[in-house]
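Encoded as structure tokens, the structure appears first; notes follow it.
The values are calculated or read from the model by the stated rules, or taken from the named source; none is laboratory data. Because the structure is predicted, anything quoted here is derived from the model rather than measured. Positions of Cβ are generated from backbone atoms using ideal geometry, with glycine treated the same way; all protein chains shown enter the neighbour counts. Just so you know, the surface numbers come from the protein's heavy atoms only, side chains and all, with ligands and any DNA or RNA stripped out. Shrake-Rupley method; radii C 1.70, N 1.55, O 1.52, S 1.80 Å.
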Amino acid sequence: GEQVEQLPSILRVQEGSSASINCTYENSASNYFPWYKQEPGENPKLIIDIRSNMERKQTQGLIVLLDKKAKRFSLHITDTQPGDSAMYFCAASRDNNAPRFGAGTKLSVKP
Amino acid sequence: GPKVLQIPSHQIIDMGQMVTLNCDPVSNHLYFYWYKQILGQQMEFLVNFYNGKVMEKSKLFKDQFSVERPDGSYFTLKIQPTALEDSAVYFCASSLTGGSNTLYFGAGTRLSVL
């Protein structure tokens, strides 16, 4: 199947702490795992991605981890700020197929 | 960055009518997608389109749905006839080289079927 599961659906953290979102996928042939951030009333925007030839990628306070054996990948936001509050979607795709998205995580960062 | 334009931003129609949602993708992109989102929740894949053809579609892409991109102009999603459950925000996206690359999303069209 093409299902992508994402947890938690709601995440509330204190400013300055870290936030973690976890996703699992069904299709072992999936080779591309993007993360999108969507602010209220806006379009989703890519924030970071990882391909299946990597296990870890980091950029600007974001870390993504990929465990192909477990078919699991995760996003970690370090030192969260109020501006990080948004919906976050993980996705998985293979080759030229369209990405399938998880159900989303609503992150709220309290000042 | 690259922009995908969607027209209109909001469309209200009566159940049973036809509606066409328009998308102006990034100019050099070759792959086009429609996703459906209800109440800011899951982005559900509908269809992707390449080289004038539907490449893949989901179960949500009912027989009443169709897509086309005549002569490289707008990439359109047509729903005929519409049903109440079609009310949602429809996002168009495009990418340069397929689903394993960055998708650029439009701002969405909010469709309200009454």
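Checking buried surface per residue: for the stretch A:16-41, which residues lose a minimum of 30 Å² accessible area in the protein assembly relative to the chain alone (1.4 Å probe)?
Buried on complex formation: A:Y32, A:Y36, A:Q38.
Taking the Cα centre of chain B as origin and charging only Cβ (+1 Lys, Arg; -1 Asp, Glu), how large is the dipole, in debye to the nearest 20?
I would put it at about 160 debye.
Hey, any idea what % of the stretch B:1-69's accessible area is carbon plus sulfur with a 1.4 Å probe?
On the stretch B:1-69, the fraction of accessible area on carbon and sulfur atoms equals 50 percent.
Suppose R0 equals 25 Å; then what is the FRET efficiency for A:E26 and B:T97 from their Cβ-Cβ distance, rounded to the nearest 0.05?
Taking R0 as 25 Å, the efficiency between A:E26 and B:T97 is 0.55.
First measure r as the distance between the Cβ atoms of B:Q11 and A:E42, then evaluate 1/(1 + (r/R0)^6) with R0 = 30 Å and state the FRET efficiency to the nearest 0.05.
For R0 = 30 Å, the calculated efficiency reads 0.95.
Excluding residues fewer than 8 places away in the same chain, name every one of the lysines whose C-alpha is closer than 18 Å to that of A:K68.
A:K57
Could you tell me which residue out of A:L7, B:P8, A:V64 lies farthest along the dipole of the protein assembly as shown toward its positive end? Charges go on the beta carbon: Lys and Arg +1, Asp and Glu -1, centred on the Cα centre.
Among A:L7, B:P8, A:V64, the one farthest towards the positive end of the dipole of the protein assembly as shown is A:V64.
Could you please state, rounded to a whole Å, how far the C-alpha centre of the stretch B:1-42 is from the C-alpha centre of the stretch A:21-50?
20 Å
Once you have the Kirkwood Rh of the stretch B:1-54 from its Cα pairs, apply Stokes-Einstein at 37 °C and 0.692 mPa s and quote D in µm²/s.
My calculation gives 247 µm²/s for D.
Using Cα springs under 10 Å in a Gaussian network model of chain A, which residue among A:Y25, A:Y88, A:Y36 shows the largest mean-square fluctuation?
A:Y36
Report, ordered by chain and residue number, the aspartates and glutamates lying within cross-link reach of A:K110, taken as a straight Cα distance under 17 Å and ignoring same-chain residues fewer than 8 apart.
Within the straight-line cut-off, A:K110 pairs with A:E15, A:E39, A:D79, A:D84.
Where in the stretch B:1-29 does accessible area fall by at least 20 Å² between the isolated chain and the complete protein assembly, at a 1.4 Å probe radius?
Flagged in the stretch B:1-29: nothing.
If you put +1 on each Lys and Arg Cβ and -1 on each Asp and Glu Cβ, how big is the dipole of the protein assembly as shown around its Cα centre, in Debye rounded to 20?
The calculation lands at about 420 debye.
Skip the ligands, DNA and RNA, and give the accessible area per residue of chain A with a 1.4 Å probe, whole Å².
Result: 49 Å² of accessible area for each residue.
Need one number: nm distance between label points at A:I10 and B:L60, each 7 Å from Cα along Cα→Cβ, rounded to one decimal.
2.2 nm
Relative contact order, percent, of chain B when contacts are C-alpha pairs under 8 Å separated by at least 6 residues?
38 percent
Taking a point 7 angstrom from the Cα of A:A70 along the C-beta vector, which residues in the stretch A:44-58 have backbone N less than 19 Å away?
Answer for the stretch A:44-58: A:50-58.
In square angstrom and rounded to 100, what buried accessible area do you get between chains A and B, total over both, with the probe at 1.4 Å?
Buried: approximately 1700 Å² between B and A.
Using a cut-off of 11 Å between beta-carbons, work out the net charge of the residues near B:G106 (Lys and Arg +1, Asp and Glu -1, B:G106 not included).
-1
Among B:Q17, B:G72, B:S87, which residue has its Cα furthest toward the positive end of the charge dipole of chain B, with +1 on Lys/Arg Cβ and -1 on Asp/Glu Cβ?
Going by the Cα projections, it comes out as B:G72.
Express the Stokes-Einstein translational diffusion coefficient of chain A in µm² s⁻¹, to the nearest whole number, given a Kirkwood radius over alpha-carbon pairs, 4 °C and a viscosity of 1.567 mPa s.
93 µm²/s
Where does the protein assembly as shown land on Rg(C-alpha)/(2.2 N^0.38 Å)?
1.01
Restricting to lysines 8 or more places apart or on different chains, can you count the pairs in chain B with Cα atoms under 13 Å from each other?
4
With only Lys, Arg, Asp and Glu charged, each at its Cβ (+1 for the first two, -1 for the last two), find how big the charge dipole of the stretch A:41-109 is about the Cα centre; round to the nearest 20 debye.
Its charge dipole is roughly 380 debye.
Could I have the simple spin-label model distance between B:L30 and B:N51, label points 7 Å from Cα toward Cβ, reported in nm to one decimal?
Between B:L30 and B:N51, the simple spin-label model gives 0.8 nm.
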